[in-house]
Amino acid sequence: MEENKQELVDFAVTARKYKTTLTEKFKNRHAWHKPYAGDVISHLPGTIVELEVKEGDEVQAGQLLLIHQAMKMLNRVVAPVSGIVEQVNVHAGEQIPKDHLMVRIAVK
């Protein structure tokens, strides 16, 4: 018979050490990176209904950038920071996936 040898990893919880195995899903996950302050990223897949800005526009924090429809709801996407719109990576009617960079703002 063939033994299924799995690699154990150490982790600590409140000063106690444990060993566990990692799932394939966990091993294949995307590494997290800190997003740029001016990046506006979709948290849900959906459709861009309306664009309110274009490249080169000056925006203030809280200003409406676009309307994103997800799960039958219209979501107002606002600027997280004040600055100049560097990139608009969507257009009205476009379907986008989760974690899609919609707009990039150059911070003032």
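With springs only between Cα atoms under 10 Å apart, run a GNM on the chain and tell me which of ASN89, ASN28, ASN75 wobbles the most.
Judging by the Gaussian network model, the answer is ASN28.
Lysine pairs in the chain 8 or more apart or on different chains: how many have alpha carbons under 24 angstrom apart?
Lysine pairs, 8 or more places apart or on different chains, close enough: 15.
Excluding ligands, DNA and RNA, what is the solvent-accessible area per residue of the chain at a probe of 1.4 Å, expressed in Å²?
Numbers: 8490 Å² over 108 residues.
That works out to 79 Å² per residue.
How many nm is it between the label spots at LYS27 and ALA61, if each spot is 7 Å from the Cα in line with the beta carbon?
About 4.3 nm, to one decimal.
Carbon-plus-sulfur fraction of the accessible area of the chain, 1.4 Å probe, in percent? Could the numbers behind the result be given before it?
On the way: 4530 of 8490 Å².
Answer for the chain: carbon and sulfur cover 53 percent of the accessible area.
So for the pair ILE41, ALA70, with labels modelled 7 Å out along Cα→Cβ, what separation do we get in nm?
1.2 nm
Decide, for the stretch 1-40, between rounded, prolate and oblate: order the square roots of the alpha carbon gyration tensor eigenvalues as a ≥ b ≥ c, take rounded if a/c falls under 1.5, and otherwise choose prolate if a/b is larger than b/c, else oblate.
Cα axes put the stretch 1-40 in the oblate bin.
Provide the gained length on full extension for the span ASP99 to VAL13, in nm with one decimal, where the gain is 0.36 nm per separating residue minus the Cα-Cα distance.
Length gained, ASP99 through VAL13: 27.9 nm.
Rounded to the nearest 0.05, what FRET efficiency is calculated for GLN87 and LYS5 with R0 set to 35 Å and r the Cβ-Cβ distance?
Working: r = 48 Å, r/R0 = 1.37.
Result of the calculation: an efficiency of 0.15.
The values are calculated or read from the model by the stated rules, or taken from the named source; none is laboratory data. Please read these numbers as outputs of a predicted model, since none were measured by experiment. Because the Cβ atoms are built from the backbone with ideal geometry, glycine has one as well, and the counts that use them run over all protein chains shown. Accessible surface is based on the protein model in full, side chains and every heavy atom, while ligands, DNA and RNA are left aside. Shrake-Rupley method; radii C 1.70, N 1.55, O 1.52, S 1.80 Å.
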